[in-house]
Amino acid sequence: MTVYGLDISDHSAEMVLLQKQRGAVVLDRFGSIELPPGVVTRGNIEDQQKLTEVLSALFDRVCGPRRGRIRIGFCLPETLVFSHVFRLQAALEPALAVKAAAMEAFETFPISFDRIGADALALPASGETTPVLYAAADRTFIDAYTATLREAGADLAFLDVESHALVRALVPADEKRPVMIADIGAKTTIVTVSEGGVVWHSASIPLGGNHLTAAIEVKLNVPFEKAEALKRRAGFDPSIDEGRVFFILQSPMADLLQEIRRTSAHFQKVSGHPAAMLLLAGGTSLTPNIVEYLASNLSGIEVRLGQPLRNMVLGPGVKPEDAASAGIFFATAIGVGLRALGVSRGPQLDLRKTGDITAQAGKKSFFSAVKEYAISLRDTAKRPAPPPSRGGSKKKVVIIAGIFALLALGLVGRMLWSIQRQLSGAAPSSQSATASPPAGPASVSVMVKISADTVSPQDADTLPSRTVNLQLTGSGAVTATGTRASGAAKASGTVIIENATARSFSFTATTRLLSKEGVLFRLDQAAAIPANGKVSAEATADQPGAAGDIGPTTFILPGLSADLQTKITARSEASMSGGSGTVAFVQAEDIAEAKAALVETLQAQALAAFKKALGPEEVFVPELMLSDEISWHGPAAETVGKEFAADLTLHFSALIVPEGEILKRLQAQMPAPGTLGPVKYTVSGLATGARQASVRAEAAVEP
């Protein structure tokens with residue numbers, strides 16, 4: 001049966017039909033339609049009737065007005081989906097691991113579990129852990145999209161996850177390295193990391209092409225339409241209009257660069273190896289020179305424009321020029337279409353499902369779900385190994401297995417008793433009050449969700465909080481430890497760039513500097529020069545050899561206009577050296593060591609600053625602090641020289657714990673009059689952006 005692939009964003013809807021012919025994937029037909037403003041906002045349907053009308057028109061356009069009912073594969077917008085890869089004990093069987101992941105999701109996801117759609121997949125065990133991919137969404141959104149599609153004349157075949165569809169469409173099947181994807185839409189950008197066809201991390205940030213256009217609109221005081229035209233014509237090309245648009249766009253793009261760096265760092269921390277490539281998708285990825293700009297600001301990562309139509313054959317009704325110009329806009333829809341065609345790799349989750357233990361957690365009680373999980377653990381523990389050849393050995397195995405089962409049941413019983421008390425939110429019943437208390441001092445604990453976003457009055461489980469943001473810069477030095485003969489070395493040194501104009505300029509790495517002797521040098525790192533100001537930067541000769549060993553001199557920037565070359569100049573106060581003889585050079589380890597020292601210093605400063613920012617009845621928990629690299633100004637690896645100045649700027653964000661409200665909940669659980677001891681906080685989940693978290697609070701009860 002024919003199944004179309006559909007993608008709906010805040011700005012537009014795209015639809016494709018893929019077919020198989022002689023082993024090849026054929027793009028049979030495709031189409032798109034713009035959505036009026038306000039119909040869909042951040043993935044949420046605001047005007048269901050209007051969206052129904054727009055989708056019906058799209059279906060007619062692609063399938064023909066006599067189409068009848070059609071079947072659609074659709075992916076829920078990433079902004080509405082919570083997903084995570086939970087790492088569980090490798091000894092768990094896949095079905096049991098999925099149930100355990102549902103329990104972890106209950107504790108971690110800032111979402112009500114009484115009405116959700118969810119699906120999960122146990123991935124191949126790695127070392128001592130079994131990774132489980134778990135995704136969930138509020139069924140309110142699922143039902144809204146399902147009803148809208150039904151009214152427009154389409155039946156839903158499956159409900160995919162947007163980031164998974166992007167991976168299918170953009171990452172080649174034979175690509176073994178970890179790959180990042182930045183799908184830059186009109187209003188939002190999805191940043192994803194995949195490896196082996198599996199999405200290991202995904203984040204949606206509220207920044208897109210419209211934000212870039214708005215920056216041009218404000219800076220140049222022109223209408224939005226003209227600003228959009230300037231963005232599409234000049235983009236990140238510094239040679240157009242003297243780099244006027246290029247310089248404006250760098251500021252809003254800093255947020256996207258920050259998210260990409262943060263995502264890469266997080267993946268490397270978890271997996272032990274970095275992402276090797278960044279693929280761009282979405283309409284904004286066609287902005288001139290955006291690939292080159294991102295590549296110059298992301299060291300060690302290969303940047304490419306995504307090719308969703310690679311290896312595809314165009315159907316007889318598809319014009320090559322139409323497919324070439326529209327392909328990147330249809331990446332998500334193509335990923336859904338590949339799944340519908342049955343030729344895709346990787347997980348194929350369906351968010352229409354209600355996961356086994358997740359359904360029980362919502363419809364009965366979480367305690368009941370955990371109890372069933374514990375029973376399955378017991379059954380696993382009781383399952384004997386294959387019988388040995390001798391009866392005496394078999395009897396010994398049964399006895400050992402029985403002892404192990406009893407121990408397991410005891411531990412599980414203790415866990416169930418603790419969880420039931422923590423989740424009940426009320427004082428213990430008379431039955432539990434008369435039971436023998438555990439050894440040691442009494443204690444009470446609660447699990448709460450805290451959020452810096454608006455909290456609904458109906459959401460009694462979530463406490464309102466706030467975030468505190470801080471930006472700190474530290475200075476240090478990178479000392480080079482590498483040495484080599486200079487036969488293949490390039491001269492380098494420090495230049496001072498001076499700006500005599502009334503506006504600031506930014507220059508990318510590899511910007512050319514031509515000395516008065518005619519020797520060409522290039523900047524090692526991007527440099528920002530304030531209006532009527534100056535900045536020091538490191539530069540390296542374009543060619544190796546002694547010709548680059550020149551004394552103090554002056555430079556022009558040949559990429560600027562003739563007029564600007566007289567107003568923005570560069571000079572060196574010391575000799576450029578390293579083109580001959582033995583030279584020292586910076587190794588990657590030197591940069592990592594210097595950066596680690598600066599990070600440690602800045603983190604200590606941030607911790608102290610956050611504690612000072614606390615209000616009454618507030619607590620700062622270090623685990624609720626995130627940091628992102630804003631900028632690093634220092635030498636690149638392989639830079640010739642002995643010691644270099646370096647600056648690191650980090651953005652810190654902390655979610656503050658509302659301890660006053662938590663103390664009230666702890667006091668409500670006290671079994672008898674007494675005094676609460678110091679509260680210990682354990683963070684079990686922190687959402688991207690440090691705006692939502694799940695926190696366990698525990699305190700001893702002192703008589």
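In the neighborhood of A125, defined by Cβ-to-Cβ distances under 14 Å, what is the net charge if each Lys or Arg adds +1 and each Asp or Glu adds -1? Value of the local net charge: -1.
Neighbours of S56, meaning other residues whose beta-carbon lies under 13 angstrom from its beta-carbon, give a summed charge of +2 when Lys and Arg score +1 and Asp and Glu score -1. Its convex hull of Cα atoms gives the range 172-244 a direction-averaged projected area, equal to a quarter of the hull surface, of 6.4 nm².
Per the Kirkwood formula on distinct C-alpha pairs, the Rh of the range 60-176 is how many angstrom? Walk me through the intermediate numbers first.
Working: mean 1/r = 0.0613 Å⁻¹.
Taking the inverse mean of 1/r over all distinct Cα pairs, the range 60-176 comes out at 16.3 Å.
How big is the charge dipole of the range 105-162 about its Cα centre, in debye rounded to the nearest 20, if each Lys and Arg gets +1 on its Cβ and each Asp and Glu gets -1 on its Cβ?
Numbers: 3 positive and 10 negative charges, 16 e Å.
Computed about the Cα centre, the dipole is about 80 debye.
Compute the FRET efficiency between A608 and K50 as 1/(1 + (r/R0)^6), taking r as their Cβ-Cβ distance and R0 = 51 Å, and round to the nearest 0.05.
Details: r = 52 Å, r/R0 = 1.02.
Between A608 and K50 the formula returns 0.45.
Can you tell me how much longer the chain between K664 and A90 gets when fully stretched, taken as 0.36 nm per residue apart minus their C-alpha distance, in nm with one decimal?
Taking 0.36 nm per residue and subtracting the Cα distance, the gain is 202.7 nm.
Largest first, the residues D524, D647, D628 sort by 1.4 Å accessible area into D647, D524, D628.
What's the lysine pair count for the range 557-703 at a Cα cut-off below 21 Å, pairs eight or more apart or interchain?
Values: K595/K642; K611/K680; K612/K680; K664/K680.
Close lysine pairs found across the range 557-703: 4.
Pairs of Cα atoms in the range 24-93 fall into 10 Å distance bins, from 0 up to the last occupied one, in shares of 14, 34, 26, 14, 11, 1 percent.
Computed about its Cα centre, the charge dipole of the range 459-542 is approximately 360 debye, with only Lys, Arg, Asp and Glu carrying charge at their Cβ. What the Cα convex hull of the range 505-661 gives, in volume per residue, is 139 Å³. Each principal axis of the Cα cloud of the range 479-567 was evaluated for its coordinate range; sorted largest first, these ranges are 44, 28, 20 Å.
Note on T601 and Q307: the extension gain reaches 101.6 nm, defined as 0.36 nm multiplied by sequence separation minus the Cα-Cα distance.
One quarter of the convex hull surface built on the alpha carbon atoms of the range 570-624 amounts to 7.7 nm², the projected area averaged over directions. Quick one: how many Å² of K319 are accessible to a 1.4 Å probe, rounded to 10? Using a 1.4 Å probe on the heavy atoms, I get roughly 120 Å².
Dipole magnitude for the range 511-653: about 620 debye, using +1 per Lys or Arg Cβ and -1 per Asp or Glu Cβ, origin at the Cα centre. Taking the centroid of alpha carbons for each part, the range 260-280 and the range 57-107 are 24 Å apart.
Computed over the alpha-carbon pairs of the range 631-703, the distance histogram in 10 Å steps reads 14, 29, 18, 15, 12, 9, 3, 0 percent, short to long. Note on K319 and R484: their simple-model spin labels are 5.2 nm apart, each label 7 Å out from Cα toward Cβ. What the Cβ-Cβ distance of R61 and A672 gives, at R0 = 56 Å and to the nearest 0.05, is a FRET efficiency of 0.20. Taking a straight line from the alpha carbon of K353, these aspartates and glutamates sit under 19 Å away, with near neighbours fewer than eight places off in the same chain left out: E78, E104, D114, D119, D138, D143, D155, D160, E162. All alpha carbon pair distances within the range 472-521 were sorted into 10 Å bins beginning at 0; the resulting P(r) in whole percents reads 13, 34, 39, 13, 2.
The values are calculated or read from the model by the stated rules, or taken from the named source; none is laboratory data. In this text, all values refer to a predicted model and were calculated from it rather than measured experimentally. Cβ: placed from backbone, ideal geometry, glycine included. Neighbour counts: every protein chain shown. To get the accessible areas, we keep the full protein, side chains included, count just its heavy atoms, and leave off ligands, DNA and RNA. Shrake-Rupley method; radii C 1.70, N 1.55, O 1.52, S 1.80 Å.
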